[in-house]
Amino acid sequence: MRTCCLVAALALATCVCAHADRTEYAFRWDPAQGGPATAQQAARQLGIADDKPKALVVRYLDVRRPAGLPDDSYGAVARERTDDDGPESMYKVRAPLSKAARKLLSTWSCPLAGPKRESKLEVDVNWAVDEGTDAAPTPREAISFSCSVEAAADAAFPPATGMVPKPCVNHVRRFKSQDDWKVEEWLLPTGKRVVELSFTVKKGSPAHRSAFQQRVDALREAGARSLADSKTLLGSTCPA
């Protein structure tokens with residue numbers, strides 16, 4: 001078991017750390033620009049079966065950039081997600097994928113308080129393009145440590161994080177297969193919609209990447225165009 005370290009203002013008496021990499025592959029598009037118009041349509045086209053889709057409300061949270069990070073390429077993301085089972089709070093530190101980032105984040109400690117605390121170290125592979133280009137999307141890799149608890153944000157986040165809820169929310173509909181393929185449809189605070197395909201495995205491999213690429217290709221053939229902005233940026237932008 002890895003030994004957890006306490007990090008400045010985010011240290012806790014009980015430390016919960018991620019023990020092994022997971023990999024999440026993701027591709028998102030604006031249905032107003034082409035591609036499957038809804039998550040349900042995309043799930044049907046890709047053979048992702050779920051007869052009981054889930055409805056969620058997601059609110060992003062402003063938090064202070066934690067101490068102990070080497071440079072501005074590291075950043076923190078926080079959100080509160082609510083479904084029929086109640087609220088869940090999540091905190092994440094993300095950086096471009098490198099050996100140094102993996103080493104640092106593998107010893108990070110969770111700042112949240114609440115029941116059923118879960119942590120994971122994850123490689124995020126996002127198919128994206130630069131803004132304003134029509135080139136084929138290419139996989140971009142980052143690594144993140146995240147943890148979540150079954151508690152509302154005002155109870156889960158300690159004062160040291162400087163947590164302030166965003167004044168807007170996202171309404172999400174999720175279709176998920178038994179083998180962890182997901183399609184989500186996000187109604188953003190701006191009124192626009194985004195659809196995202198994602199797939200999570202315990203340890204990514206060239207075969208997993210190839211399988212995801214095949215579905216990205218199918219979506220692009222159906223007219224989907226990759227978005228440059230992250231889901232975090234899209235979902236945390238509130239109307240003036």
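On the stretch given as segment 222-240, residues that are in a helix (DSSP H, G or I), under 17 Å from Q33 (Cα atoms) and among the hydrophobic types (A, V, I, L, M, F, W, C) total 1.
For every residue, the table says whether it meets (1) over 30 Å from D30 (Cβ atoms); (2) in contact (Cβ under 8 Å) with a residue 60 or more places away in the chain; (3) open to solvent by 20 Å² or more (accessible area, probe 1.4 Å).
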site: K116; (1), (2), (3): yes, no, yes
site: L121; (1), (2), (3): yes, yes, no
site: A151; (1), (2), (3): yes, yes, no
site: A156; (1), (2), (3): yes, yes, no
site: R173; (1), (2), (3): no, yes, yes
site: E185; (1), (2), (3): no, yes, yes
site: K192; (1), (2), (3): no, yes, yes
site: E196; (1), (2), (3): no, yes, no
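Considering segment 198-240 alone, what residues qualify as being touching a helix residue (DSSP H, G or I) at 6+ places or on another chain (Cβ under 8 Å), hydrophobic (A, V, I, L, M, F, W, C) and surrounded by fewer than 20 Cβ atoms within 10 Å (Cβ to Cβ)? Correct list: V201, A218, A222. Scan segment 30-60 for residues that are part of a helix (DSSP H, G or I) and open to solvent by 50 Å² or more (accessible area, probe 1.4 Å) and the total you get is 6.
Tallying residues that are more than 22 Å from P111 (Cα to Cα) and either surrounded by 14 or more Cβ atoms within 10 Å (Cβ to Cβ) or without any contact (Cβ under 8 Å) to a residue 12 or more places away in the chain (or both) within segment 86-101 yields 2. Cβ-Cβ distances below 7 Å connect the following pairs, each with a first residue in segment 214-240 that is farther than 19 Å from R140 by Cα, a second residue that is open to solvent by less than 50 Å² (accessible area, probe 1.4 Å) and assigned to a strand (DSSP E or B), and a separation of six or more residues or different chains: G235/V58; G235/Y60; G235/N170; G235/W186; S236/Y60.
The values are calculated or read from the model by the stated rules, or taken from the named source; none is laboratory data. Keep in mind it's a predicted model, so treat the numbers as computed, not measured. Quick reminder, even Gly has a Cβ in these numbers, built from the backbone with ideal geometry, and neighbours come from all protein chains shown. Each accessible area value is taken on the protein alone, full model and side chains, heavy atoms only, with ligands, DNA and RNA left out. Shrake-Rupley method; radii C 1.70, N 1.55, O 1.52, S 1.80 Å.
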